[in-house]
Every structure is written in structure tokens, then in C-alpha cells.
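Below is one structure; the comments refer to it alone.
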Amino acid sequence: MFRGVLLAQAILFASSFPLSAADGVRVESNVTYATVGDIKLQLDIAQPTQGDGPFPCLVFIHGGGWSGGNRLVYRTAIETAAQKGYVAATISYRLTQPDPQTGVPKEPFPSQIHDCKAAIRWLRAHASEYHIDPQRIGVTGASAGGHLSLLVGLTDSNDGLEGDLGNSGQSSRVQAVCNTFGPTELRVLFKSTPAVYGLVKALCNGTPEEQPQMYLAVSPVTYVTKDDPPVLTLHGSADELVPVEQAEILDKALKAAGVPHELVILEGQGHGFGGDAAKKADDAMWAFFDQHLKK
């Protein structure tokens with residue numbers, strides 16, 4: 001069954017035909033925002049069909065341990081966002097692709113953040129075309145997507161993570177970040193959670209002892225400064241893949257710097273939310289973005 005689901009997702013992902021959109025929403029699929037060699041980095045973008053804008057924009061970054069997943073997981077979310085008065089995009093980025101024998105990644109960090117930042121610069125460069133307010137952009141994702149969302153939000157052009165994938169005259173800064181159980185301090189995560197050892201090692205191309213500077217560079221808490229945008233973190237108290245300690249480390253760093261941070265810990269929830277907890281998390285995210293991105 002799982003293999004069948006993956007096959008169906010792959011067919012949708014590769015299709016050049018538009019998928020049906022929710023009422024009041026226009027979706028453009030398979031838009032190339034950057035090219036790396038023969039790789040087309042693409043996004044799907046949803047817009048409200050009512051109103052002239054400019055609208056605030058949300059960027060959704062999928063999870064999957066930096067080595068899997070795809071942007072279709074947020075297809076429904078971008079349509080919901082458009083119904084709520086946002087332009088929203090769900091983006092693809094280069095995955096680590098570790099060698100099955102050696103574990104050596106084809107695309108270690110910082111390829112992933114280069115791609116995410118390129119997508120945001122592309123959206124700003126096309127703000128008029130898609131009726132986006134370039135001063136009101138938020139980013140969100142879960143797990144690895146939460147980690148990359150934090151890196152987008154907490155870094156700036158002085159941190160050396162912009163890459164060279166186009167639209168260099170545009171900023172990749174955002175005005176709000178919603179992080180759903182994303183890793184925040186990768187050295188601690190590596191040592192505390194054996195279940196993610198291989199994923200983190202592939203992202204950083206080695207262990208903390210082998211790549212100490214890489215583990216600093218890949219950790220969102222490294223970049224916390226007082227001028228960072230407001231952050232909402234949603235985390236389950238029983239998460240065994242990304243322990244709630246990761247959220248608490250971020251909370252302490254952001255509050256020490258004077259950055260607005262709302263930490264919502266969902267009791268008994270693991271690496272994914274269900275039932276009332278899922279609704280609580282969803283409601284908190286929309287309230288957060290409405291507060292910080294809507295005029």
C-alpha cells in the first residue's frame with residue numbers, strides 16, 4: 001500500500017497537467033524557480049481568485065529527513081492558504097541523496113538552504129505577477145521543513161547561505177516563521193537521538209567530531225539575533241525523533257535575544273499531531289500568520 005501511495009505521488013509530481021483547485025483558488029503547478037545543472041527546482045503556487053492584492057505570501061517547505069518527501073504534501077495547505085487570503089507556494093529543494101553503501105551525500109548542506117532562499121527571492125522577483133506583497137512573506141514547514149524554515153528566518157545575507165541561484169538583487173528575508181518540530185541544534189540532536197543519526201550525518205557529511213563547523217552552520221540557533229522575525233514553534237512532548245528539548249533550546253536562545261517566540265507544546269503528541277492536537281496546531285499557525293502578515 002505504501003509503495004502504491006508513493007507511486008501515485010510520483011505520477012502527480014511529474015505531471016504537466018494542472019491539478020484541480022479548490023473553489024476561489026487558482027493553482028499553477030511545476031513552476032521552475034531555479035536550475036542547478038540539469039535539475040529543475042520547482043514550486044506550485046496558489047492564488048486567491050477574488051481581490052487584487054497585493055496579498056501576503058506563505059512558503060511551505062516539506063520534511064522528510066532532508067533525504068525524502070516532496071512538495072505535494074502541502075498541496076492542500078497552499079489551497080487553504082489562498083482561500084484565507086494568502087498567495088502560497090510549496091517548494092521542492094535538493095535532497096541529500098546519500099550513497100547507499102558509503103552514506104556519503106551527493107547534496108550535503110548548504111544545498112537545501114540555498115534552494116529555499118532562491119525560491120523566496122524568485123517569489124519577490126515575481127511579486128507583481130502573482131500579486132504578492134514582498135514585505136509580508138512567511139515560511140513554514142515540519143521536521144526537516146521546520147529546520148529549513150528556521151534557517152530561512154534566522155539568517156541574512158551576511159551569513160553566507162544565499163547561494164547563487166538567481167535574483168541576487170532580491171532579499172530572502174521573511175517576516176514570520178512557523179516551525180513545526182524542526183531540529184534547532186544539530187550537535188545535540190545527533191548525540192541524543194540515534195534514530196536520526198544517518199539523516200543528520202548525511203546532511204552534514206560527517207559526525208560532529210568530523211565536521212564541527214558544519215554542525216554550527218546547519219543549526220538555526222547559531223544565527224539568532226535581536227532583529228529576527230517572530231517565530232511560532234509547535235512541538236509534541238512525546239516526539240522521539242526530534243525531542244522537545246530542541247524546541248526548548250530554540251525558545252531559550254530567541255527569548256535571550258529579545259525575539260518574539262511562542263512555543264506551543266502539545267502534550268502526548270509525537271512526530272506528527274492527531275485529533276484535537278492537530279486542530280490546535282493548525283489554528284495556532286493561522287492565527288500567528290494572520291497576526292504578523294495581514295494588515
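We did not get these values from a lab; they are worked out from the coordinates using the rules stated. Keep in mind that this is a model prediction, so the values were computed, not measured. Neighbour counts are summed over all protein chains in view; Cβ atoms, including those assigned to glycine, are modelled from backbone coordinates with ideal geometry.
Under 7 Å by Cβ, and 6 or more places apart or on different chains, what pairs join a residue from the stretch 170-186 that is touching a residue at least 12 places away in the same chain (Cβ under 8 Å) and at positive phi with one that is in a loop (DSSP other than H, G, I, E, B) and surrounded by fewer than 24 Cβ atoms within 10 Å (Cβ to Cβ)?
Close Cβ pairs satisfying both conditions: Phe181/Asp239; Phe181/His271.
When the residues of the stretch 261-288 are narrowed to those that are more than 10 Å from Leu232 (Cβ to Cβ) and of a type in the set (Gly, Ala, Ser), which ends up nearest to the chain's Cα centre (by Cα)?
Once the filter is applied, the top-ranked residue is Gly272.
Just give me the residues in the stretch 182-199 being touching a Leu at 6+ places or on another chain (Cβ under 7 Å) and surrounded by 24 or more Cβ atoms within 10 Å (Cβ to Cβ), in sequence order.
Gly182, Pro183, Thr184
Could you list, in sequence order, the residues of the stretch 63-78 that are within 14 Å of Ile45 (Cα to Cα), surrounded by fewer than 24 Cβ atoms within 10 Å (Cβ to Cβ) and not basic (Lys, Arg)?
Correct list: Leu72, Val73, Thr76, Ala77.
Can you tell me which of (1) surrounded by fewer than 22 Cβ atoms within 10 Å (Cβ to Cβ); (2) under 30 Å from Tyr197 (Cβ atoms) is the one Thr96 doesn't meet?
(1)
Looking at the stretch 65-88, which of its residues are closer than 15 Å to Thr140 by Cα and among the hydroxyl-bearing types (Ser, Thr, Tyr)?
Correct list: Tyr74, Thr76, Thr80, Tyr86.
Any idea which residue in the stretch 110-148 is surrounded by the fewest Cβ atoms within 10 Å (Cβ to Cβ), counting only those that are part of a loop (DSSP other than H, G, I, E, B) and in contact with a Gly (Cβ under 9 Å, 6 or more places away or on another chain)?
That would be His131.
Looking at Tyr74, Tyr33, can you tell me which residue is within 29 Å of Lys294 (Cβ to Cβ), in a helix (DSSP H, G or I) and among the aromatic types (Phe, Trp, Tyr)?
Tyr74
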